[in-house]
Amino acid sequence: MSSTHDPDPPATGAGSLTHAARIAWQRARSFNFLQPGAPTRAGALIAPWLWPIELFGVAREAPRIRRLGGASMTLTGATRGRADPVILVAAAAAYLVFMVVLIVAGSAAAIALARFTGIGVVAATVLALVALLAPLLTEATRRVAHVLRHPENRTIARERRKLAQITGRPVVIMTAFVRTHAGEGAALLAALRREWDQGQITVILNPANEELVDYYLRHGAVLDAATWRRLTIPPGQVAWSAAPAADQNPSI
């Protein structure tokens, strides 16, 4: 005799501090200049510089995060709420520790640089700190340039409001879709698709790279702009689960 049961629905919120830290790490290693397209392990090399900042983002977005297993995403426009104070304090503490580590490492590097090269202490300190901050500065520059270069990113909030007025139905923006293991992203997306269809909710998203476009199309998304940089998942759209090979990107 066999029994069946419905799968657990996705949880709302960032969860415990451990959950939040894991989500922040997934985002840090998935969204950086070493991870622009096809997945590689190189993204983890930059993650320590970005993790404290991503933890601030998780704290701020906590009421709008949906998660299932090791996968999570943020849905803007669905839920309002305040930042999680516990995660926010933890993020501030992590950032403070990170800065202390940078200062200590920078001072040690500056002393070694001044001793072995003969340059002044001030110049050595500046060079050491710039070198240690280079990954963070490079990523910040890349993100600003990305927003400025692609209008779809700047107008997505306005597009959400416009589409909600036209359709008379709820419209949300999906961002920061990450997972730990292959298949978890597909499971979260399938579970949320059921909720979106029942609530007649339309979802707008900006794929991070062209490799993700096919993945989202397989899950019922349709092109919503002249380029591939904006997609829409309308309610009731027929979707089928992607093959395992399509769930290899670390962001899903």
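Please sort through the DSSP H helices of the chain and keep those with an alpha-carbon extent of at least 20 Å along the long axis and a Kyte-Doolittle average not below 0.0.
Helices passing the filter in the chain: 43-61, 85-117, 121-149.
So what's the stretch 16-86 giving for Cα Rg divided by 2.2 N^0.38 Å, two decimals? Intermediate results must be reported in sequence, preceding the final value.
Details: Rg = 12.5 Å, N = 71, 2.2 N^0.38 = 11.1 Å.
Working it through for the stretch 16-86, the quotient is 1.13.
Have a look at the stretch 160-234 and give its Rg and Dmax from the Cα atoms, expressed in angstrom.
In order Rg, Dmax, the Cα atoms of the stretch 160-234 give 12.3, 38 Å.
With loop defined by DSSP as not H, G, I, E or B, and exposure as at most 10 other Cβ atoms within 10 Å, which is the longest segment of the chain clear of exposed trypsin sites (Lys or Arg not before Pro)?
Numbers: sites that count: Arg41, Arg80, Arg82.
Longest run free of exposed loop sites: 83-252.
For the stretch 77-141 and the stretch 153-207, compute the distance between their C-alpha centroids and round to whole Å.
34
At 4 °C and 1.567 mPa s, what whole-number value in µm²/s does Stokes-Einstein give for the translational diffusion of the stretch 123-247, with Rh from the Kirkwood sum over Cα pairs?
Working: Rh = 16.5 Å.
The estimated diffusion coefficient comes to 79 µm²/s.
According to the Kirkwood expression over distinct Cα-Cα pairs, how big is the hydrodynamic radius of the chain, in Å? Please list the in-between numbers first.
Numbers: mean 1/r = 0.0504 Å⁻¹.
One over the average 1/r among Cα pairs gives 19.9 Å for the chain.
Given the options Ala145, Ala182, Ala24, state which has the largest fluctuation in a GNM of the chain using a 10 Å cut-off (strictly under) for Cα springs.
Ala145
Round to the nearest 0.05 the FRET efficiency obtained for Val97 and Ile166 when R0 = 35 Å and r is the Cβ-Cβ distance.
Numbers: r = 48 Å, r/R0 = 1.36.
Given R0 = 35 Å and the Cβ-Cβ separation, E is 0.15.
None of the figures in this text is laboratory data; all of them are computed from the coordinates on show. Please read all numbers here as calculations on a predicted model, not as lab measurements. With ideal geometry, Cβ positions are generated from the backbone for all residues, glycine too; neighbour counts draw on all protein chains shown.
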